[in-house]
Structure formats: structure tokens, C-alpha cells
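**Q** Provided herewith is a single structure, encoded as C-alpha cells, for subsequent inquiry.
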Amino acid sequence: MPKPTHLPSRPTRRLARAVRAALLAGIAGLSLAAAAQSAGPPIRLGVIGPFSGPSSDFGTPMLNGVRLAVEEINRVGGYLGRPIETVVEDDRADPDTGLQGAQALVQAGVVATIGFCNTGVALKALPVFQQARSPLLVPCATGTPVTAQVPAAESYVFRTSARDAIQAPFVVNDIVQRGWKRVAVFADTSGYGEAGLVDVQKALAAHGLAPAYVARFAIGVKDLKDELQAARAAGANVIFSYTVGPENAKIANDRRTLGWDVPMVGGWPLSFPFFIDGAAQAAEGALMAQTFIAEPSNERRAAFLANYARAFKTRLTVPMAAAQAYDTTYLLLYAMFGVPGGRFTGPALKASLENLQRTYYGVVATYDHPFTADDKDAVTDNMLVMGKVHQGAVTFAYPEDARRNLFVQRKR
């Protein structure tokens, strides 16, 4: 079983309080610098994701990341005395439910929405936000198509998670350097698996390689031994998985049952409890791309981890989801302060997000112009590190990544 999140030490808690005080002072400074306005009604912020069901292990941390940021913002007066109020929709990782939730948020008059963890759910709901010209900020879903449905200049969809078009090459580069060139790709048939398979194939082709074997399977599959035996017969020496739920654990456990001792690599879902808890010893040593590892490697991250533990008193199951959502909420606040007179129309917020005037010193990254009219993805490959499952937790795969992580990266 994975180790529980460690409670912060007293020095870490003191540091967290100091960093949080500095952050809140900065928000208050933004309020004072803006034109004076009287307090008005709450500002409604939409939040949508899988808060129940099979993807709630990373949907709930995403929601908590938003709530932590909103609590901090409201503590110092919100936006010029107007509190932020969240309007929450649970998409249950189901595309039809996500579509209905998106429609409900737009009808509720939210100024913008933070959400989506599942690529397939996001893709079905994106047209709702685009047609309503209502900004959507995506802190979790990583499928490359999410920010490619319409031309970037027209798009109201912004993303603060690492799209698979950079995760897949990052992982492929690592495994090729390790000498693992006979790659078996195990991809589910969801929107996430479909897009991920394409990205892995492109990344392998850049090295003059092709998959040694490709397995496709439906969400909820109960047995993958036949596919694993076929991959072994094809001479594969590494498994690259593209799925988000218990299927990752099924791959690892069936691999162990067959006595096939090959490494398992993938995108960030290999850091999820469904994999680490579900596979237990079979998960040990798995490698995955990460933007944030829950170690207090610098002041910002120590403060975030301590404040999350204080606020929710629960294990932080998917740190990336929480940290990216937390940063996303502050980026939206900074954009709000860039809208003259607080007139939060969709086009006005879109323009402000594309031209943020202040640098936000976040948990995952330092955001200095994270978006432009032509680029709606805030994360570049220099922000990634390789994570590894070790004794039931995710840590740095390489000491040099741990050292580099002392310094928060900026977009390339």
C-alpha cells in the first residue's frame, strides 16, 4: 500500500505560513492596484470533473486544488470585495454527463470554467464553451486534441496540464536512452487512449522505431494475459500504457502473473492510486512523466503541500491534479484583474488570459505569459520530470531531476 502523505514538520508549517502570507499580500496588492469599486455579487466560477466514479481519484484532488485557491483568494477579499463562488458539476467520467454539466454551467452564467480530467469527456463538451464564448481552463485532461479542435486564435480552451504530444516524446526519449527499443503499446479505446497511441507512434517514429506490438482494449477489461503473451512473443522489452483507471493495474498484475519481468512506463496516470494501490508490488519501478512531485523541494511547494494537508486532512492522492488546478485558479484571477472595470465577458477574459500582464509564481511553474492568441498550452517539455514508483509512492527517477526541481521552471 502507498505511504500516506507525511504531515508537514513544524519548520515546514512555519515556512508555509510565511509563503502563504506573501502570496495573499500579493493578491491584496492586485486589488489595491485595480480601480476602486464597491463590493458586488459573488463571481461564479464553474468547476467540472469526475468527482465520483472511476476517475474520482484524480478528479477530487483537482476540485480540492480549486477550492484551496478560492479559499485563499476570498480570505483577502476576493476580487475587489466580491467573493469567488464555485458552481460544481460532476461529470462522472462520462461524456454525456459531461456535456450536460457543461451546458448547465454556461446556463448558470459562470464567468469561466476550470475542469475536465478525461480527454473523451472534454472533447464532447468543448463545443459548448466554444459556442458560448466562455473560457474553459483545463488542468488535468492531457489528450493532445483538447486544444486543437479549433484554430488557436479562435479558441476559448486553455490548458495547464502537459499534453500528451510532449509527454509521449519525453517518455520515449528516456526509454530509448535506457536501451528499451522494443515497445509494446497498451492503449484503451477511449479518447485518451486513441490520442495517446498516435502520440507514442509519432514519438517512436522520430527515433526510426515502430511499436513491436499494439494492444487495444475497452475500459473495464478484466484480463489482458493473451495480449501480454503476444507482446512477449513479439520481443517487446518495455510496456508503454495509455489508460487512466484500474486497467493500468490489470496490465501490471497480469504481467507479474505471467512472470514477464519487463519495465512499465507511461504518462501521468501511472502515478494514480488505481495503479499504485491496485498493482501494489507489481507497480514498483514504473516510470511516468510528471510536472509536480509531492516533495517540499522549494518554498512554494512546501507551502502548497502544508496548506493542502491543513485544509483537507486527507492523503493527497494525485498531487499533479491538485497543484495544476490550484495554479489554474490563480491564473484566472490574474486574468480577471486584467479586465478593465471588471466586465467579465468571455472575449474580455480570453484576451486577458492571452496577454497576462503579471507573472504568477505558481506551484508547478513560474507563469510568465503562459498563453498567447496562438498557443493555448501553458506547459512545455522543460517543465517535465521523470517520476518513479518506489515503495508505494512517486519520487524522482533521477537525482538530477530532484536537484533541478529546486528551481521552478518557466515555459520554454
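**Q** Quick check on region 109-117. Is at least one of its residues within 24 Å of Gly266 (Cα to Cα) and either assigned to a strand (DSSP E or B) or open to solvent by 20 Å² or more (accessible area, probe 1.4 Å) (or both)?
**A** Yes, some residue in region 109-117 is within 24 Å of Gly266 (Cα to Cα) and either assigned to a strand (DSSP E or B) or open to solvent by 20 Å² or more (accessible area, probe 1.4 Å) (or both).
**Q** Condition first: in contact (Cβ under 8 Å) with a residue 60 or more places away in the chain and crowded, with 23+ Cβ neighbours inside 10 Å. Now tell me which residues in region 74-92 satisfy that.
**A** Tyr79
**Q** For region 242-257, give me each residue that is open to solvent by 50 Å² or more (accessible area, probe 1.4 Å) and either touching a residue at least 40 places away in the same chain (Cβ under 8 Å) or of a type in the set (Ser, Thr, Tyr) (or both).
**A** Pro246, Thr257
**Q** Let me ask something else about it. Looking at region 265-369, what helices (runs of 4 or more DSSP H) fall wholly within it and have at least 2 residues that are of a type in the set (Phe, Trp, Tyr)?
**A** Where helices (runs of 4 or more DSSP H) fall fully within region 265-369 and carry at least 2 residues being of a type in the set (Phe, Trp, Tyr), they are 273-279, 299-312, 319-337.
**Q** So which residues in region 120-167 are over 17 Å from Ala325 (Cβ atoms) and among the charged types (D, E, K, R)?
**A** Lys124, Arg133, Glu154, Asp164
**Q** Further question: Can you name the residue in region 330-383 that is of a type in the set (Gly, Ala, Ser) and crowded, with 21+ Cβ neighbours inside 10 Å and is also nearest to Asn64 (Cα to Cα) among such residues?
**A** Among those residues, the one meeting the criterion is Gly362.
**Q** Among the residues of region 374-412, count how many are without any contact (Cβ under 8 Å) to a residue 12 or more places away in the chain and aliphatic (A, V, I, L, M).
**A** Selection size over region 374-412: 0.
**Q** From Lys202, Lys225, Lys181, Lys250, which residue is touching a His at 6+ places or on another chain (Cβ under 9 Å) and either at pLDDT below 95 or not small (Gly, Ala, Ser) (or both)?
**A** Lys181
**Q** Could I ask something else about it? Check off (1) touching a residue at least 40 places away in the same chain (Cβ under 8 Å); (2) open to solvent by less than 10 Å² (accessible area, probe 1.4 Å); (3) touching a Leu at 6+ places or on another chain (Cβ under 8 Å) for Asn298 and give me the number that stays unchecked.
**A** Result: Asn298 fails condition (2) only.
**Q** Scan region 227-277 for residues that are small (Gly, Ala, Ser) and more than 21 Å from the chain's Cα centre (by Cα) and report the count.
**A** The first filter runs over region 227-277 and keeps only residues small (Gly, Ala, Ser), leaving 230-231, 233-236, 241, 245, 249, 252, 259, 266-267, 271.
With the extra rule that they be more than 21 Å from the chain's Cα centre (by Cα), the set shrinks to 230-231, 233-236, 252, 259.
Counting residues in region 227-277 that are small (Gly, Ala, Ser) and more than 21 Å from the chain's Cα centre (by Cα) gives 8.
**Q** Out of region 384-403, which residues are open to solvent by 80 Å² or more (accessible area, probe 1.4 Å) and assigned to a helix (DSSP H, G or I)? Before you say what the answer is, go through the steps one by one.
**A** Kept after step one, since they are open to solvent by 80 Å² or more (accessible area, probe 1.4 Å), are these residues of region 384-403: 390-391, 399-400, 403.
Answer for region 384-403, where residues must be open to solvent by 80 Å² or more (accessible area, probe 1.4 Å) and assigned to a helix (DSSP H, G or I): Pro399, Glu400, Arg403.
**Q** I need the strands (runs of 3 or more DSSP E) fully contained in region 124-241, keeping only those with at least 2 residues that are free of Cβ contacts under 8 Å to residues at least 60 places away in the same chain, open to solvent by 10 Å² or more (accessible area, probe 1.4 Å) and of a type outside the set (Phe, Trp, Tyr).
**A** 213-217
**Q** Hey, another quick one. Which one of these does Asp261 not meet: (1) free of Cβ contacts under 8 Å to residues at least 24 places away in the same chain; (2) part of a helix (DSSP H, G or I)?
**A** Unmet for Asp261, out of (1) free of Cβ contacts under 8 Å to residues at least 24 places away in the same chain; (2) part of a helix (DSSP H, G or I): (2).
**Q** Kindly indicate whether Ala397 is closer than 30 Å to Arg315 by Cβ, modelled with pLDDT of 95 or more and small (Gly, Ala, Ser).
**A** So Ala397 passes the test.
**Q** Look at region 81-96 and say how many of its residues are within 16 Å of Phe129 (Cβ to Cβ) and part of a helix (DSSP H, G or I).
**A** So the answer is 1.
**Q** Here is a follow-up. Are any of the residues in region 265-275 open to solvent by 10 Å² or more (accessible area, probe 1.4 Å), of a type in the set (Phe, Trp, Tyr), at pLDDT below 95 and touching a helix residue (DSSP H, G or I) at 6+ places or on another chain (Cβ under 7 Å)?
**A** yes
**Q** Within region 290-311, is there a residue that is touching a strand residue (DSSP E or B) at 6+ places or on another chain (Cβ under 7 Å) and of a type in the set (A, V, I, L, M, F, W, C)?
**A** Scanning region 290-311 turns up at least one residue that is touching a strand residue (DSSP E or B) at 6+ places or on another chain (Cβ under 7 Å) and of a type in the set (A, V, I, L, M, F, W, C).
**Q** Go through (1) surrounded by fewer than 16 Cβ atoms within 10 Å (Cβ to Cβ); (2) of a type in the set (A, V, I, L, M); (3) touching a helix residue (DSSP H, G or I) at 6+ places or on another chain (Cβ under 9 Å) and name the single condition Ala39 misses.
**A** (3)
**Q** It is to be established whether one or more residues within region 65-80 are assigned to a strand (DSSP E or B) and within 23 Å of Lys376 (Cα to Cα).
**A** Taking every residue of region 65-80 in turn, none turns out to be assigned to a strand (DSSP E or B) and within 23 Å of Lys376 (Cα to Cα).
The values are calculated or read from the model by the stated rules, or taken from the named source; none is laboratory data. The structure displayed is predicted, hence computed values, not measured ones. Neighbour counts are summed over all protein chains in view; Cβ atoms, including those assigned to glycine, are modelled from backbone coordinates with ideal geometry. The area values use the complete protein model at the heavy-atom level, side chains included, leaving out ligands, DNA and RNA. Shrake-Rupley method; radii C 1.70, N 1.55, O 1.52, S 1.80 Å.
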